[in-house]
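Working notes, beginning with the structure itself.
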Protein chains: 6
Amino acid sequence: KSRYSNDLYKVANMPGVAVGLAWTYVGGDILFVETSLSEGKGELKLTGNLGNVMKESAATGFTYLQSNARKYDIDPEAFNKKTIHVHVPEGAVPKDGPSAGVTMMTAMASAFTGKRVKPYLAMTGEITLRGQVLPVGGIKEKILAARRAGLKEVILCWQNEKDVQEIDSAFIKGLKFNYVKTMQQVLELALV
Amino acid sequence: KSRYSNDLYKVANMPGVAVGLAWTYVGGDILFVETSLSEGKGELKLTGNLGNVMKESAATGFTYLQSNARKYDIDPEAFNKKTIHVHVPEGAVPKDGPSAGVTMMTAMASAFTGKRVKPYLAMTGEITLRGQVLPVGGIKEKILAARRAGLKEVILCWQNEKDVQEIDSAFIKGLKFNYVKTMQQVLELALV
Amino acid sequence: KSRYSNDLYKVANMPGVAVGLAWTYVGGDILFVETSLSEGKGELKLTGNLGNVMKESAATGFTYLQSNARKYDIDPEAFNKKTIHVHVPEGAVPKDGPSAGVTMMTAMASAFTGKRVKPYLAMTGEITLRGQVLPVGGIKEKILAARRAGLKEVILCWQNEKDVQEIDSAFIKGLKFNYVKTMQQVLELALV
Amino acid sequence: KSRYSNDLYKVANMPGVAVGLAWTYVGGDILFVETSLSEGKGELKLTGNLGNVMKESAATGFTYLQSNARKYDIDPEAFNKKTIHVHVPEGAVPKDGPSAGVTMMTAMASAFTGKRVKPYLAMTGEITLRGQVLPVGGIKEKILAARRAGLKEVILCWQNEKDVQEIDSAFIKGLKFNYVKTMQQVLELALV
Amino acid sequence: KSRYSNDLYKVANMPGVAVGLAWTYVGGDILFVETSLSEGKGELKLTGNLGNVMKESAATGFTYLQSNARKYDIDPEAFNKKTIHVHVPEGAVPKDGPSAGVTMMTAMASAFTGKRVKPYLAMTGEITLRGQVLPVGGIKEKILAARRAGLKEVILCWQNEKDVQEIDSAFIKGLKFNYVKTMQQVLELALV
Amino acid sequence: KSRYSNDLYKVANMPGVAVGLAWTYVGGDILFVETSLSEGKGELKLTGNLGNVMKESAATGFTYLQSNARKYDIDPEAFNKKTIHVHVPEGAVPKDGPSAGVTMMTAMASAFTGKRVKPYLAMTGEITLRGQVLPVGGIKEKILAARRAGLKEVILCWQNEKDVQEIDSAFIKGLKFNYVKTMQQVLELALV
Ligand SMILES: [Ca+2]
Ligand SMILES: [Ca+2]
Ligand SMILES: [Ca+2]
Ligand SMILES: [Ca+2]
Ligand SMILES: [Ca+2]
Ligand SMILES: [Ca+2]
Ligand SMILES: [Ca+2]
Ligand SMILES: [Ca+2]
Ligand SMILES: [Ca+2]
Ligand SMILES: [Ca+2]
Ligand SMILES: [Ca+2]
Ligand SMILES: [Ca+2]
């Protein structure tokens, strides 16, 4: 069902792109978050048919990175002199909810640092302004979608571990799970 | 039901975060207000699916702090040179009403002063521009939620004292109550 | 029914605050208008769940004071270098209509001049840009609310005198009435 | 029915105020247009519960005066350095339509030139950007309202003359009618 | 039915005004487009109760003229230093659709060049950004309205020629038709 | 049914114009995307009755070109000093969806580079921020429309090849198909 072929995200891997997991009415799906920096004034541009909750989630990640720029070796001036555009294909599909928070934050961190995101890694989780990762729903469907898409590793909130344990282990063989409490842990795992 | 584990707000306590009490259709709940300062021009950024009354409540607290900056040892220049972002997780849940006024005002004061909010303290109350605290509804449900979450102390408007007295005392054993008339009293109790 | 205790507006009286009379679906009520000046660029910030007519009424009072700054000993530069925030508690209650015009204009004049509003004084009336006071409705209910709240003096449009004369005199004993034609008369009576 | 007493517009006559004629669901009425200049950047501020057509009509008059500033002895710099606020009491009554165009344009011209509008004069008519006056409806009701209010002179579009001729002459005895084609004629008649 | 007398557009002809043809629910009608230049920053101001499609049509004409300024002897600086106001009387009538594109573009070109539009000339047609003229509907009704109003010449898209040929020739005797493919042809025919 | 005659897009071919394929409720159609550069501040102006998804698609293409300016020999300063206007006739027809992404991106690239788009070439496909081309729907109807309109070559996403293979080969004789994975491939094929 995914319109992305397996080799596309292998080959096209570049700074600013991260893979998330979404829960749609037809089941779980993978979702790319693409970001691009250009000259600007610290603006955050959002496209891809995003709802308000998802836009606020991006804004939260943006402020978190700005407040913690030095910790992550991001030039603080970037938040004054660059525009960051966050796009989530596929543009015809409305998307909403807070669960892409970690993915959008990671994609932005990748763009700002120039470090790529680890290949074959997906993630899902709400983020808070002080750097916590909150659990989200639809874990089973999301994990199965990750496996169908050939992904190898997943980052989740530690409070979602119980949801993974309820999945038949045959279905998730070969998938590595990382449970985190904070956005700092996400970025340490994701940026390579 | 709360997605925050007890130790999370113990450990992750940092300037700019305060705990409020909310009254939802499933009963009382605790609610975190997170704030973050970054370079800016005195803008107030609000996220977390907040309704208009709640946004106006944040704006009221913001102006109050600006007008009383010297009294609280806040650098008046912060209101020209910083952006303050107020976020209330969980982003998927719509939130509204004036009762988070004291909590948002306290979290902002904590961010601006760099002083932490006393741990295990929660609060609820409407605020006015000249610094008064007004009573709010749902006190019983909010107090029970505070206790379930392991909180130890609560700040309320003095006109809500009668609502607390109607709660069976067995349910609130060990909880300390502070009744206030003004925002100055709130900040004296909350900032440590 | 009022959430403000009698002594609150006695004690907390400060420049920038005025008491109005409102006519709600549960009868008359008193209403506080709070204002606060801070550094800015002549912006008028309005909160308290105000409807469009009430917001325009505030804007009209703001322009009137700007145009007549010298007459009232207001520094004209304040309209370029300050932001004035007008807040009307209680934030959960939607408010609208032009009848708080005189109260909002008086509260702003009090903030700009630094002069307090006379205690135990309430007022109601529409204002126009050239400084006239127009009559408003619900006079009986408003007057009774003023008396219940312990107020001692009221300012009304001279065209509302007939409405006061229709109230049983036993109900308004001890209340002093001031009938005015212009905003200048309002400010002479209200600012002390 | 009018809330303005006869002597009010006699006495309070000042530059920036003009009297129009409105056609409401309860019949004709007179309507004051008040304007006020203050320091600014050429902004046009509109209050009084005006609909979009009426707002556009004000904008059209504003541009006409800006384009023809020299012809009317208006300082062209006023359109860069002043804000003009146009207010139409009574704020609770929604108003719309193009027929207050001549009145708003005249009130603005009066404010910009400092010349008063002739007393006891009313007017009604749509205006166009190149300076024409167009006919409007409800002439009979408007004329009768003008007479009830004690006005003595009326400006109308020449294409409305036929509507006046249909009114029983006994009803309009003593009223002087001026029929015009252009805004220039309006201003020559109105500004004294 | 038209509120404009025949001599009005003879006499009041001035740079910046063009006559279009509209198709309304009561049949065809003529429509004036008025434009006015004033000091500004290249802004396009639109009034006259225009719908979104008609506003976009004006924006398209505006960009076309800016891109082709030199070809039409327009000072390119005008697009930075002037505001152009486009008004379409009668303000009470909602107007929409792309068919006034040629008329609005011509009126703007007339204002920018200072050249008048040929008298007794009307036009109708959609415009595109690269300068093409597209056919529009309601040709028969529009042509009959042009004749009733005493107009003598019409500009249409060449693809509308077949619609004119379907009209009984007795009805269009004396009317001259110009069929065009491009906006350049329109301006060559219209500006004198 | 198309309002564009065959020779129009042959003759009027100029930098900034590209031909897309649209899928409407009456079947497939061709669609022109016109762009025009003028002095400005890096703004993207969109007209032609475009829906939000289509506007976001244009914004995505705009950022892609800005981020990859040097690769395509575009002066990076253009994104600060020019305004690009993208117009899609016919203005009365609402348009939406992501499938015009490649066409809008190509038209913009043509305007920015000054290179024309290859004549008789059409294209359809969603674009992503990192430069991928995604498959879209309605391929059969779009291809048939391209042929009816006399086009000779089409660019599609490689994942749409299977849709072309399902079309009876008699219907597509003489049409050349280019299947691509990236926007770079699109621009190499389209700009001449
Ligand atoms: Ca998908
Ligand atoms: Ca995700
Ligand atoms: Ca919760
Ligand atoms: Ca609270
Ligand atoms: Ca009350
Ligand atoms: Ca009042
Ligand atoms: Ca009246
Ligand atoms: Ca009028
Ligand atoms: Ca007409
Ligand atoms: Ca037309
Ligand atoms: Ca078509
Ligand atoms: Ca396309």
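The values are calculated or read from the model by the stated rules, or taken from the named source; none is laboratory data. None of these values were measured; they are calculated from a predicted model. Virtual Cβ from ideal backbone geometry, glycine too; neighbours counted across all protein chains shown. The accessibility values were calculated without ligands, DNA or RNA, using every heavy atom of the protein model including side chains. Shrake-Rupley method; radii C 1.70, N 1.55, O 1.52, S 1.80 Å.
Numbers below:
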quantity	calculated
So B:Thr128, is it touching a His at 6+ places or on another chain (Cβ under 7 Å) and away from ligand 11 (no atom under 16 Å from the Cβ)	yes
Hits in region A:31-51 (condition: under 18 Å from A:Gly114 (Cα atoms) and either free of Cβ contacts under 8 Å to residues at least 24 places away in the same chain or facing chain F (nearest Cβ under 9 Å) (or both))	A:Phe32, A:Glu34, A:Thr35, A:Ser36, A:Leu37, A:Ser38, A:Glu39, A:Gly40
Residue that is modelled with the highest pLDDT, among those in region E:28-43 that are part of a loop (DSSP other than H, G, I, E, B) and either within 16 Å of ligand 5 (Cβ to nearest atom) or open to solvent by 20 Å² or more (accessible area, probe 1.4 Å) (or both)	E:Glu43
D:Ala149 being touching a helix residue (DSSP H, G or I) at 6+ places or on another chain (Cβ under 9 Å), away from every other protein chain (no Cβ under 14 Å) and crowded, with 22+ Cβ neighbours inside 10 Å	no
Filter pass, B:Leu46 being surrounded by fewer than 24 Cβ atoms within 10 Å (Cβ to Cβ), not in a loop (DSSP other than H, G, I, E, B) and not acidic (Asp, Glu)	yes
In region E:76-98, the residues that are polar (S, T, N, Q) and either closer than 21 Å to D:Glu56 by Cβ or within 16 Å of ligand 7 (Cβ to nearest atom) (or both)	E:Thr83
Looking only at region D:1-27, and only at residues there that are open to solvent by 60 Å² or more (accessible area, probe 1.4 Å), of a type in the set (A, V, I, L, M) and more than 12 Å from ligand 7 (Cβ to nearest atom), the one that is modelled with the highest pLDDT	D:Met14
Subset of region A:113-138 that is under 15 Å from A:Val180 (Cα atoms) and among the hydrophobic types (A, V, I, L, M, F, W, C) - its residue that is farthest from ligand 8 (Cβ to nearest atom)	A:Leu121
Residue tally, condition outside any loop (DSSP other than H, G, I, E, B), within 14 Å of another protein chain (Cβ to nearest Cβ) and more than 16 Å from E:Leu121 (Cβ to Cβ), over region E:161-192	5
All positions within region F:59-115 that are at the interface with another protein chain (Cβ under 8 Å from one of its Cβ atoms), over 27 Å from E:Ala100 (Cβ atoms), open to solvent by 40 Å² or more (accessible area, probe 1.4 Å) and not in a helix (DSSP H, G or I)	F:Pro76
B:Gly114 in contact with a strand residue (DSSP E or B) (Cβ under 6 Å, 6 or more places away or on another chain), modelled with pLDDT of 95 or more and more than 16 Å from ligand 6 (Cβ to nearest atom)	no
Hits in region D:49-58 - residues which are surrounded by fewer than 19 Cβ atoms within 10 Å (Cβ to Cβ) and in a helix (DSSP H, G or I)	D:Asn52, D:Lys55
Pairs, first within 14 Å of chain E (Cβ to nearest Cβ) and within 16 Å of ligand 4 (Cβ to nearest atom) in region F:18-30, second part of a loop (DSSP other than H, G, I, E, B) and among the small types (Gly, Ala, Ser), C-beta under 9 Å, six or more apart	none
Some residue of region C:118-131 being away from ligand 2 (no atom under 16 Å from the Cβ), assigned to a strand (DSSP E or B) and acidic (Asp, Glu)	yes
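Every residue, every condition in (1) away from chain D (no Cβ under 14 Å); (2) among the basic types (Lys, Arg); (3) within 13 Å of the chain's Cα centre (by Cα), yes or no:
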| position | (1), (2), (3) |
| --- | --- |
| E:Val53 | yes, no, no |
| E:Tyr120 | yes, no, yes |
| E:Thr124 | yes, no, yes |
| E:Lys140 | yes, yes, no |
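Condition check ((1) over 27 Å from E:Pro15 (Cα atoms); (2) surrounded by fewer than 18 Cβ atoms within 10 Å (Cβ to Cβ)) across all residues:
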residue	(1), (2)
E:Lys142	no, no
E:Val154	no, no
E:Trp158	no, yes
E:Glu161	yes, yes
E:Glu166	yes, yes
E:Gln184	no, yes
E:Ala190	no, no
